[in-house]
Amino acid sequence: MSAPNDSYDPVEVTPLHPDEVARMRDEALAAIAAASSLEELKEVRIAYAGDRSPLALANREIGSLPPSARAEAGQRVGGARREISEALKERGAVLEEERDNRVLVEEAVDVTLGWDRRPRGARHPLTTIAERMTDIFVNMGFEVAEGPEVEAEWYNFDALNFLPDHPARTMQDTFFVEAPSGGESGLVLRTHTSPVQVRALLDRPLPVYVVAPGKTFRTDELDATHTPVFHQLEGMVVDENITMAHLRGAIDAFVHSMFGAGLRTRFRPYYFPFTEPSGEVDLECFVCRGESVGNPDAPCRTCGSEGWIELGGCGMINPRVLVAAGVDTERYSGWAFGIGVERTLMFAHGVRDMRDMVEGDVRFASAFGMEV
Ligand code: DAH
């Protein structure tokens, strides 16, 4: 039979000796005090307060003491561990505060710096004015039609009654597209938006009321008044009992909405192969209203003291065009017009040089504001 070992001397369990516990505690406190960063303190915590720290190991020895000695040893080790944990907490708080103060200085943000220094883009005024022009007709009930920029010669010329030797077909005006093998492809960069008339008539059931805004190309040199790439707005109506009076009414509604209520328009006879009769539309100068005509003291820069501004071409659709598009000319007639978008922008906003429109300088576009 065994009996409690009364004569067991706790002093013999070295790690639990008061001097040893005090030494371990002091070593830990010294290490804590010496830790100069939160990273160092983390290592100190593992070394002196972790599961494998000297005092944790000493704690395990308590179980091997006689019961009478356990309480005192437990208090001693527990007290030392508590002191260490307190010290860790205090040092941690000090180091954290130091770190926070340092971060505030080192990672300071200058809130007075401008945050919006990246320049914003802007929609191009040609885009926005073409949309406005289109919308005026959409409000009157027109639909928007489209066609390709690389167009078949047949749509661009033949179907529009340009005879094979019409001068506009020559290299002077037209960009011809070469076939991959060299030679003729039968394709051109469309020289106007009028081919969309024929496409719309072939695509849609009658009656047709369409506008077609789009890019057009001609072999012009870029200067203040010409650009090889430009834009037009085509308009077309084909219905029963259509007359030139309807054309005039639609053009007037457009002019009043775009340039100012009550402005007068005038039609001058002209020639286009795809309209008969054809005309050019002028609009009364909305700046001088004709006051500058014959009045050298008050010249007008907008109309060049002409009193009128040329807007575009128009006319009653030539029955040959309608026939090419399969329309019954006994029953239907129609009119069409083509208005230059660049010209409209020049007049509406006083842009004097075409080159400003094509150079792509965002400062030009930004001046028109962020119209959407
Ligand atoms: N296509 C012509 C041009 O580019 C403009 C034009 C004139 C269009 C008369 C039309 C029209 O629809 O009827 O010069």
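The values are calculated or read from the model by the stated rules, or taken from the named source; none is laboratory data. Predicted model only: the values in this text are computed from it and were never measured. Don't worry about glycine lacking a Cβ; one is built from the backbone with ideal geometry, like all the others, and counts go over all protein chains shown. Remember, those area values only see protein heavy atoms, side chains included, never the ligands or the DNA or RNA. Shrake-Rupley method; radii C 1.70, N 1.55, O 1.52, S 1.80 Å.
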So which residues in the stretch 241-267 are part of a strand (DSSP E or B) and open to solvent by 70 Å² or more (accessible area, probe 1.4 Å)? ARG266
Restricting attention to the stretch 242-261, does a residue exist that is within 12 Å of the ligand (Cβ to nearest atom) and charged (D, E, K, R)? no
Tally the residues that are open to solvent by less than 70 Å² (accessible area, probe 1.4 Å) and farther than 19 Å from ALA80 by Cα, restricting the search to the stretch 37-48. 2
Counting only residues that are more than 20 Å from THR275 (Cβ to Cβ) and either surrounded by 20 or more Cβ atoms within 10 Å (Cβ to Cβ) or of a type in the set (Gly, Ala, Ser) (or both), which one in the stretch 204-229 is farthest from the ligand (Cβ to nearest atom)? ALA224
Regarding VAL323, is this residue over 18 Å from THR193 (Cα atoms) and either β-branched (Val, Ile, Thr) or not assigned by TED's automatic domain parsing to the domain that holds PRO273 (or both)? yes
Among the listed residues GLY312, GLY350, identify the single one that is within 17 Å of HIS192 (Cα to Cα) and either of a type in the set (D, E, K, R) or touching a residue at least 12 places away in the same chain (Cβ under 8 Å) (or both). GLY312
Selection from the stretch 49-73 of residues touching a residue at least 40 places away in the same chain (Cβ under 8 Å), within 17 Å of ARG25 (Cβ to Cβ) and either open to solvent by less than 20 Å² (accessible area, probe 1.4 Å) or of a type in the set (Ser, Thr, Tyr) (or both) yields ALA58, ALA73
I'm trying to understand the selection: among the residues of the stretch 88-117, which are under 19 Å from ALA30 (Cβ atoms) and small (Gly, Ala, Ser)? GLY92, ALA93
Identify, from the list THR225, THR275, THR265, the residue that is of a type in the set (S, T, N, Q) and within 31 Å of the chain's Cα centre (by Cα). THR225
Given the conditions (1) within 34 Å of the chain's Cα centre (by Cα); (2) on the phi > 0 side of the Ramachandran plot, every one holds for GLY182 apart from (1)
Tell me, please, whether a residue that is assigned to a loop (DSSP other than H, G, I, E, B), over 28 Å from the mean Cα position of the chain (by Cα) and not hydrophobic (A, V, I, L, M, F, W, C) can be found in the stretch 331-353. yes
Report whether or not LEU55 is closer than 30 Å to SER366 by Cα, out of contact with any strand residue (DSSP E or B) (no Cβ under 8 Å at 6 or more places or on another chain) and not assigned by TED's automatic domain parsing to the domain that holds ASP361. no
When residues of the stretch 328-353 are limited to those that are surrounded by fewer than 21 Cβ atoms within 10 Å (Cβ to Cβ) and within 15 Å of the ligand (Cβ to nearest atom), the one modelled with the lowest pLDDT: ARG343
Select from the stretch 304-327 the residues that are at positive phi and away from the ligand (no atom under 11 Å from the Cβ) and write down the one among them that is most open to solvent (accessible area, probe 1.4 Å). GLY326
Under 7 Å by Cβ, and 6 or more places apart or on different chains, what pairs join a residue from the stretch 354-366 that is outside any loop (DSSP other than H, G, I, E, B) with one that is at pLDDT below 85 and open to solvent by 60 Å² or more (accessible area, probe 1.4 Å)? VAL362/PRO119
What are the residues in the stretch 268-288 that are assigned to a loop (DSSP other than H, G, I, E, B) and within 13 Å of the ligand (Cβ to nearest atom), if any? PRO273, PHE274
Going residue by residue through the stretch 157-168, is there one that turns out to be without any contact (Cβ under 8 Å) to a residue 12 or more places away in the chain and more than 14 Å from the ligand (Cβ to nearest atom)? yes
